[in-house]
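Heads up, the thing below is written out as structure tokens.
The values are calculated or read from the model by the stated rules, or taken from the named source; none is laboratory data. Owing to the predicted nature of the structure, the values given are computational and were not obtained by experimental measurement. Please note: Cβ atoms are built from the backbone with ideal geometry, for glycine as well, and neighbour counts cover all protein chains shown. Note: areas computed on protein heavy atoms with side chains; ligands, DNA, RNA excluded. Shrake-Rupley method; radii C 1.70, N 1.55, O 1.52, S 1.80 Å.
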Amino acid sequence: MTIRAVEAVTLALPFEVGGPKPRFAGKPREFVHMILVRVETADGLVGWGEAFSHVAWEATAAAVTHNIAPVAIGRDAADIDGTIRTLRQIFHLFGRTGAIVFALSGLEIALWDLAGKRAGKPVSTLLGGARRDRLPAYASLMRYGDPELVARNSAKAVRRGFSMVKLHEIHEAEVRAAREAMGPGVPLTVDTNCPWTVDEAIAAARRFAPYDLLWLEEPVWPPEDYAGLARVRQEGGLRIATGENACNSLEFETMLRACAADVVQPSVTKIGGIAEWWRAAKRAEAQGVMVAAHSPYFGPGLLASMHLAAAMEGEVPIEIHWCELGASPLGGAVLPAGGVLALPTGPGLGCDPDPAVLRDFAVM
Ligand SMILES: [Mg+2]
């Protein structure tokens, strides 16, 4: 069936993070912005995707509207690989990651939603079948840079039933505060978002070692310094996680060949969507490397991550952003209970965005 319309729907949602509003790129972040990608076929069937956007949401929305939509409209909605390959080839001179690749990721997810709805089957079934319907979720805290806030929020996440907590901190005092607040035994990870040289990262890993971390995430700048990450793995004494900034599966092959990761973290709204996530994850699985979903999302991106995780052979933890939104884009249908997410069983992704949230929070 032909694609009739491709539209970016931007939501701006108020949020609370259990501390002061985070600053990003020089500005306080007042809203969580989301770019939903709505795709309609000639017979009126609608699929929904989500494109990575964060604080550069204007760029992703423009890429959907001005670059992705004109190419996709008129193509066969069932030809997902062909459409994505065409888009990647046309726009590769603008980079192999960034707004255009995020925008086509949103389109791809919407096309899978449509494929599932047309077949009357969940996306996980199209991927070979769900191996589990309850998915382990972990709380992914914001960066507070304040040991007291880190302790308070870590303890609260454990009380809410999350079986694992991830910090976004770079100093030992905050890591120690979390471990002391959580007690021994609850898995703790630290995501640093690429701050250090290789030598600095090795030194930090050694400082963090006493706090029994399950992994240290993206400790090195730039993120694609895989030889550097491999050195941190060997000399730092901690397991290394990386991959959210790798925006095609070939990059995962390079990463794995360099022995750069103990845990790989493909991100469905960035990597090119569901099929590319699957290819990256399968490469890792074939080498016995753990897969964890990079999924601090609240809409179709979270749902897609869940279907992918459910269809994988090994257990794939799902990242849940530690953040109370003013309204849930999925109408509360997908909320972690006791640190576990229930996989939706309906066709496609299993849940459309809540029309009331689209009405009340869309940016015009
Ligand atoms: Mg991360």
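Tabulated values for the structure
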item	result
Enumeration of residues in the range 192-241 that are within 14 Å of the ligand (Cβ to nearest atom) and in a helix (DSSP H, G or I)	229
Test: residue in the range 154-168 that is closer than 25 Å to residue 312 by Cβ and part of a helix (DSSP H, G or I)	yes
Helices (runs of 4 or more DSSP H) contained in the range 35-114 and holding at least 2 residues modelled with pLDDT of 95 or more, farther than 20 Å from residue 268 by Cβ and open to solvent by 50 Å² or more (accessible area, probe 1.4 Å)	80-91
Filter pass, residue 338 being in contact with a strand residue (DSSP E or B) (Cβ under 8 Å, 6 or more places away or on another chain) and either within 16 Å of the ligand (Cβ to nearest atom) or not polar (S, T, N, Q) (or both)	no
Matching residues, the range 155-175, being in contact with a helix residue (DSSP H, G or I) (Cβ under 9 Å, 6 or more places away or on another chain), surrounded by 23 or more Cβ atoms within 10 Å (Cβ to Cβ) and charged (D, E, K, R)	169, 174
Pair list, Cβ under 7 Å, 6 or more apart: the range 157-183 residue over 18 Å from residue 209 (Cβ atoms), other residue assigned to a helix (DSSP H, G or I) and more than 16 Å from the ligand (Cβ to nearest atom)	158/182; 181/151; 181/154; 181/155
Residue within the range 194-212 that is within 30 Å of residue 349 (Cβ to Cβ) and either surrounded by fewer than 23 Cβ atoms within 10 Å (Cβ to Cβ) or of a type in the set (Ser, Thr, Tyr) (or both) present	no
In the range 242-265, residue nearest to the ligand (Cβ to nearest atom) [restricted to those that are of a type outside the set (D, E, K, R), open to solvent by 50 Å² or more (accessible area, probe 1.4 Å) and assigned to a helix (DSSP H, G or I)]	254
Looking only at the range 15-34, and only at residues there that are in a loop (DSSP other than H, G, I, E, B) and basic (Lys, Arg), the one that is nearest to the chain's Cα centre (by Cα)	29
Those helices (runs of 4 or more DSSP H) lying entirely in the range 266-364 with at least 1 residues open to solvent by less than 10 Å² (accessible area, probe 1.4 Å) and without any contact (Cβ under 8 Å) to a residue 40 or more places away in the chain	274-286, 300-311
Any chance residue 215 is of a type in the set (Phe, Trp, Tyr) and either closer than 27 Å to residue 176 by Cα or surrounded by 24 or more Cβ atoms within 10 Å (Cβ to Cβ) (or both)	yes
Any hit, the range 176-184, residues being within 18 Å of the chain's Cα centre (by Cα) and either open to solvent by less than 60 Å² (accessible area, probe 1.4 Å) or within 16 Å of the ligand (Cβ to nearest atom) (or both)	no
Residue within the range 351-361 that is closer than 23 Å to residue 294 by Cβ, under 17 Å from the mean Cα position of the chain (by Cα) and among the hydrophobic types (A, V, I, L, M, F, W, C) present	no
